[in-house]
Amino acid sequence: MNIVLIGYRCCGKTSIGKIIAERLDKKFVDTDELIIDKAGCSIDRIVSNHGWQSFRNIEAEIIKEVSALDNLVIATGGGAVIQEDNISNLKRNGFVVWLYANIDIIRKRLIEDTVSNENRPSLTGDEPSDEIKAVLEEREALYKGASDVAIDTGKLNINEVADVIIGEIKNRGQRSEV
C-alpha cells in the first residue's frame, strides 16, 4: 500500500512525506520532482513554454506510473486532484491524506519558501492571497472527496502530523478530520 499526500501548495506534503517514509521504511517520491526529471526543465518552464495542459498530461503519466508501484509515500502536486483519473489511480493502492492549512498560513509559507517558489508558477496571476482563496474554492471539494483522512497542518508541527498519519494507517479507521 502507498501513502498519498494531497493538498494545496505549502501544506507540508513533501516535508511530512519524507518523515513518514523514513519512519515506515518506505521510498518517498514527489510527483513534481518526477515531472521535472521527465521534462528536463522546471514546472514554470513547462507551463510557460507548453501550457498548463501539457504539464497536467505529464503529471497524469507520472501518477499512473507511481500508482502502479507499492510501498511508497507519494507527495502529489497541488492540482493532481483536478483530473479524476489521477485520483482513481492513486486510490487503487493508496491511503490518501489531505493536508491543509488556512489561507494566512499558506501565504506565509509561500513567502518563506524561496527555493520552491522558483519552480511554482502562478495559477491565476492574482495577488497571492486572492490566488490561494480562488484555487482553494475550486479544489477543496476535490481534496475532501479524494481523501481518506484530512489533517490541518496549521495546528500541528510536521512530526505531529506524521504521527497522526502513521496512527491512521495503523488503525485504518473511518474517514476522520484532525
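Tabulated data
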{"item": "Odd one out for Gln53, checked against (1) modelled with pLDDT of 95 or more; (2) outside any strand (DSSP E or B)", "result": "(1)"}
{"item": "Test: residue in the stretch 61-77 that is hydrophobic (A, V, I, L, M, F, W, C), in contact with an Asp or Glu (Cβ under 6 Å, 6 or more places away or on another chain) and under 26 Å from Ile111 (Cα atoms)", "result": "yes"}
{"item": "Sole residue being open to solvent by 40 Å² or more (accessible area, probe 1.4 Å) and over 17 Å from the mean Cα position of the chain (by Cα), chosen from Arg45, Arg109", "result": "Arg45"}
{"item": "Verdict on Ile87 being surrounded by 16 or more Cβ atoms within 10 Å (Cβ to Cβ) and either in a helix (DSSP H, G or I) or of a type in the set (Asp, Glu) (or both)", "result": "yes"}
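Matching residues to (1) surrounded by 18 or more Cβ atoms within 10 Å (Cβ to Cβ); (2) outside any helix (DSSP H, G or I); (3) out of contact with any Leu (no Cβ under 9 Å at 6 or more places or on another chain):
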residue: Arg9; (1), (2), (3): yes, yes, no
residue: Ile16; (1), (2), (3): yes, no, no
residue: Asp32; (1), (2), (3): yes, no, yes
residue: Lys38; (1), (2), (3): no, no, yes
residue: Cys41; (1), (2), (3): no, yes, yes
residue: Asn57; (1), (2), (3): no, no, yes
residue: Ile62; (1), (2), (3): yes, no, no
residue: Val66; (1), (2), (3): yes, no, no
residue: Asp70; (1), (2), (3): no, yes, yes
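The values are calculated or read from the model by the stated rules, or taken from the named source; none is laboratory data. Note that the coordinates shown come from a computational prediction; the quantities given were computed from them, not determined experimentally. Cβ atoms come from the backbone with ideal geometry, glycine included; neighbour counts cover every protein chain shown. Accessible surface areas use protein heavy atoms only, side chains included; no ligands, DNA or RNA. Shrake-Rupley method; radii C 1.70, N 1.55, O 1.52, S 1.80 Å.
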